[in-house]
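Working notes for the structure below.
The values are calculated or read from the model by the stated rules, or taken from the named source; none is laboratory data. Keep in mind the model is a prediction, meaning the values are calculated, not measured. Virtual Cβ from ideal backbone geometry, glycine too; neighbours counted across all protein chains shown.
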Amino acid sequence: MNQTAFEAGQHSGRSLADILASLPNGQAAMLPVATARAAIAHSIVPIKDTEWTSLREGLGRVLAQDIASPIDVPAHDNSAMDGFAVRSIDLLSDVPTRLQVMGSAHAGSPFSGQLGQGQAVRIMTGAVMPAGCDTVVIQESATVEGDSVLIPAGQLPGQNRRLKGEDLACGRPAVLQGRHLRASDLGLLASLGIGEIAVHRRLRVAFFSTGNELRSLGQTLDPGCIYDSNRYTLHGMLNRLGVELIDLGVVPDEPDALESALRSASQQADAIISSGGVSVGEADFTRAVMSRTGEVAFWTIAMRPGRPMAFGRVGAACYFGLPGNPVAVMVTFLFLVRDALIQLGGGTPRPLLPMRVRSAQAIRKRPGRTEYQRAHIEIDDTGEWVARIAGNQGSGVLRSMSEANAMVVLAHDQGDVSPGQWVEAIAFEGLL
């Protein structure tokens with residue numbers, strides 16, 4: 001089995017307590033979300049293992065090295081329009097100019113001759129500019145008369161011409177390391193003639209749920225028991241990140257079982273995610289187990305939902321202990337774990353893009369914590385984006401999360417929201 005980042009000697013060497021103490025608000029009884037995010041980011045050392053893959057298999061992978069363009073793009077000056085390639089020096093400024101048409105140029109079939117005074121070439125979009133020509137007159141403006149063309153006055157030198165290297169000059173960076181490759185990136189690299197790329201290996205993430213009341217799908221529900229949903233929401237969100245998944249199932253609330261699960265996970269994965277076992281009362285039980293397997297900090301975070309959380313290291317792996325309530329699991333993953341996993345996998349964290357929307361209703365909000373309200377956003381009759389809170393906002397009510405298409409984010413210091421007030425929203429598209 002390949003070594004994980006910390007087994008390979010890349011541990012940062014700083015304890016979680018030291019990192020937290022160095023951050024603003026790091027000693028607060030309830031950590032602001034920004035402080036918790038910073039503590040996690042400061043604790044993570046990205047994996048270094050790389051591999052080569054074909055360009056077709058590169059979608060969603062993390063680029064492991066900068067790629068510089070080996071060629072100029074475009075490789076030659078070329079026409080941006082269908083029309084006539086001319087020498088601007090031949091054009092009269094106040095009256096039309098008649099030029100003799102000497103041939104044609106097409107994309108992939110350039111004109112090979114040399115133009116003289118008073119001559120032009122019929123040219124198609126993408127064709128190489130003939131030697132000596134610096135301007136393209138669009139065909140709609142020109143009048144063809146036999147083997148000559150009449151060019152109206154008012155043409156601008158250099159118009160409708162794309163310059164060599166205008167898009168990307170040879171030797172300039174094309175795509176930078178740490179980028180999660182998108183379809184447009186693959187197209188760009190293909191245009192440079194690059195067929196193989198170096199990428200970070202896929203991050204390995206182990207996850208499990210804790211709770212004696214939890215049952216897996218297919219099992220009988222005993223009185224007081226519920227089906228485990230958290231592993232399925234985590235599975236879906238982790239799949240969006242393109243990581244390798246290790247599902248360890250449901251772990252009973254027993255010290256030996258939890259310790260065994262953590263040790264097993266740390267031998268297989270770069271990161272471990274558990275749900276449940278970190279709220280008040282449960283944290284002491286988990287803390288005792290963690291003291292034997294690694295280093296962990298239990299935090300009360302000033303956020304709703306998702307207040308209790310643990311973060312640390314189990315052996316070589318990063319550990320994220322999430323709450324047990326289904327919506328709290330999803331919120332803490334999106335706003336505290338997602339970027340950390342991207343960073344751990346060698347990628348550049350991709351901030352969730354906010355949009356400004358008007359609240360369709362009043363929202364009660366207490367300053368001193370960040371709140372994440374499930375909402376449905378849509379365009380109203382006036383053409384503005386508006387947000388309507390989606391159903392019951394309890395942290396255990398997964399239905400309202402399913403019905404929502406966005407999260408309204410109410411900032412730490414923000415108070416009550418009035419109808420029509422601008423608020424920040426994060427759309428779920430591409431995340432869930």
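The set of residues from region 397-431 being farther than 19 Å from Pro367 by Cβ, charged (D, E, K, R) and assigned to a loop (DSSP other than H, G, I, E, B) comprises just one member, Glu429.
Applying a threshold of 7 Å to beta carbon distances and a minimum spacing of six or more residues, or different chains, the list of pairs starting in region 259-275 at a residue that is basic (Lys, Arg) and ending at one that is surrounded by fewer than 24 Cβ atoms within 10 Å (Cβ to Cβ) reads Arg263/Thr293. Just one residue in the set Ser291, Ser395, Ser400 is surrounded by fewer than 16 Cβ atoms within 10 Å (Cβ to Cβ) and hydroxyl-bearing (Ser, Thr, Tyr); that residue is Ser291. Counting the residues of region 74-94 that are over 21 Å from Ser112 (Cα atoms) and surrounded by 19 or more Cβ atoms within 10 Å (Cβ to Cβ) gives 1. Residues in region 185-240 that are acidic (Asp, Glu) and outside any strand (DSSP E or B): Asp185, Glu213, Asp222, Asp228.
Exactly one residue among Arg263, Arg231, Arg201 is closer than 23 Å to Val331 by Cα and basic (Lys, Arg), and that residue is Arg231. Filtered by the rule that a residue be in a loop (DSSP other than H, G, I, E, B) and in contact (Cβ under 8 Å) with a residue 12 or more places away in the chain, region 141-153 gives Ser141, Ala142, Asp147, Pro152, Ala153.
Tally up the residues in region 192-235 that are under 26 Å from Leu55 (Cβ atoms) and among the β-branched types (Val, Ile, Thr), please. Step through it out loud before you land on a result.
Let us first name the residues in region 192-235 that are under 26 Å from Leu55 (Cβ atoms), namely 192-205.
Within this subset, residues satisfying the condition of being among the β-branched types (Val, Ile, Thr) are 194, 197, 199, 205.
Looking only at that region, the number is 4.
The set of residues from region 95-118 being modelled with pLDDT of 95 or more, crowded, with 19+ Cβ neighbours inside 10 Å and closer than 25 Å to Glu166 by Cα comprises Ala105, Phe111. For region 368-389, check the following and say yes or no: at least one residue is without any contact (Cβ under 8 Å) to a residue 12 or more places away in the chain and part of a strand (DSSP E or B). Yes, region 368-389 contains at least one residue that is without any contact (Cβ under 8 Å) to a residue 12 or more places away in the chain and part of a strand (DSSP E or B).
Kindly indicate which of Asp228, Asp247, Asp270, Asp222 is out of contact with any Ser or Thr (no Cβ under 9 Å at 6 or more places or on another chain) and surrounded by 14 or more Cβ atoms within 10 Å (Cβ to Cβ).
On the way: Asp228 fails: out of contact with any Ser or Thr (no Cβ under 9 Å at 6 or more places or on another chain); Asp270 fails: out of contact with any Ser or Thr (no Cβ under 9 Å at 6 or more places or on another chain); Asp222 fails: surrounded by 14 or more Cβ atoms within 10 Å (Cβ to Cβ).
None of the others qualify; the one that does is Asp247.
Just give me the residues in region 164-181 being in a loop (DSSP other than H, G, I, E, B) and buried (at least 16 other Cβ atoms within 10 Å of the Cβ), in sequence order. Explain how you work it out, then say what you get.
Let us first name the residues in region 164-181 that are in a loop (DSSP other than H, G, I, E, B), namely 164-167, 169-172, 176-179, 181.
Lys164, Gly165, Gln177, Gly178, Arg179, Leu181 - these are the residues of region 164-181 that are in a loop (DSSP other than H, G, I, E, B) and buried (at least 16 other Cβ atoms within 10 Å of the Cβ).
Hey, any hits in region 346-353 for a residue that's in contact (Cβ under 8 Å) with a residue 24 or more places away in the chain, buried (at least 22 other Cβ atoms within 10 Å of the Cβ) and within 19 Å of the chain's Cα centre (by Cα)? Yes: region 346-353 contains one or more residues that are in contact (Cβ under 8 Å) with a residue 24 or more places away in the chain, buried (at least 22 other Cβ atoms within 10 Å of the Cβ) and within 19 Å of the chain's Cα centre (by Cα).
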